[in-house]
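Report on the following structure.
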Amino acid sequence: MYLWLKAFHIIAVIAWMAGMLYLPRLFVYHCVAEPGSKQSETFKVMERRLLRAIINPAMIVTWVSGLWLAFEGGFFKSGWLHGKLLLVVILSGVHGLFARWVRDFAADRNVHSQKFYRIINEVPTLLMVGIVILVIVKPL
Ligand code: HEM
């Protein structure tokens, strides 16, 4: 049962991370497309579908399965889990910002530059590296 849950957790994590790495890439290209152009409208559809069909449900499954694993494994007193939870809360906050920017793009109200999105693009990667080291190496 525990291993099935862990497999489910990792499947959800992969889907969440794939979306969190791809969405800011779409922002990088979208912010230089002319508002109202066919290209800009296509990006809007891609961003909305990616957020609603992949990123949002994958985040929920990751949280539910992760907390369930922590409960089953009795990890709530472990330092590595506290560190991991802190980084996952930050990742969830970044997710919230992405959702806001999808709404801004949908209303042609983007205010950020391409450079901004290129930098933001690296944040989920850095968080993911920390999260994976904490849960696999368990240094804390
Ligand atoms: C949403 C909150 C999360 C919680 C509460 C959580 C909790 C857990 C727990 C308790 C385990 C089992 C550890 C073990 O059996 O040793 C686990 C496994 C794992 N988690 Fe999470 N997790 C969360 C999110 C994430 C995220 C966002 C990632 C990656 C970006 C991730 C990556 C992994 C990996 C790779 C494993 C397998 C580790 C192993 O088999 O040793 N988790 N998680």
Net charge near L26, counting Lys/Arg +1 and Asp/Glu -1 over other residues with Cβ under 12 Å of its Cβ?
+3
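By its C-alpha gyration tensor, with a ≥ b ≥ c as the square roots of the eigenvalues, how is the stretch 1-68 shaped: rounded for a/c under 1.5, else prolate for a/b larger than b/c, else oblate?
Cα axes put the stretch 1-68 in the prolate bin.
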Which of the chymotrypsin sites (Phe, Trp or Tyr not before Pro) found in the stretch 64-134 are in a DSSP loop and have at most 11 neighbouring Cβ atoms, other than their own, within 10 Å?
F76
The answer for the stretch 11-102, accessible area per residue at 1.4 Å probe in Å², is 52
Using heavy-atom solvent-accessible surface (probe 1.4 Å) with all chains present, what is the largest-first order of T42, T125?
T42, T125
Find the centroid of the Cα atoms in the stretch 1-80 and in the stretch 99-113, then give the distance between the two in whole Å.
19
Taking K and R as +1 and D and E as -1, what net charge do the other residues with C-beta under 14 Å from the C-beta of S65 add up to?
+1
Given the -39500 (n - 2.57) contribution per DSSP H run of 4+ residues, what per-residue ellipticity at 222 nm results for the chain, rounded to the nearest 500 deg cm²/dmol?
-26500 deg cm²/dmol
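How big is the equivalent ellipsoid of the chain along its three axes, where each semi-axis is √(5λ) from the Cα gyration tensor, reported in whole Å from largest to smallest?
So the equivalent ellipsoid measures 33, 15, 10 Å along its semi-axes.
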With an 8 Å cut-off on Cα pairs and a minimum separation of 6 or more residues, tell me the relative contact order of the chain in percent.
38
Of the accessible area of the chain, with the probe set at 1.4 angstrom, what percent is carbon plus sulfur?
71
Sequence gap of 8 or more, or different chains, plus Cα separation below 30 Å: how many lysine pairs satisfy both in the chain?
8
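In the stretch 18-102, what trypsin sites (Lys or Arg not before Pro) fall in a loop by DSSP, with at most 14 other Cβ atoms inside 10 Å?
On the way: sites: R25, K38, K44, R48, R49, R52, K77, K84, R100; in loops: K77.
Listed in order of number, the matching sites are K77.
The values are calculated or read from the model by the stated rules, or taken from the named source; none is laboratory data. All values reported here derive from a predicted model rather than from experimental measurement. We place every Cβ from the backbone using ideal geometry, glycine too, and count neighbours over all the protein chains shown. Side chains are part of the model used for accessible areas, which takes the heavy atoms of the whole protein and leaves out ligands, DNA and RNA. Shrake-Rupley method; radii C 1.70, N 1.55, O 1.52, S 1.80 Å.
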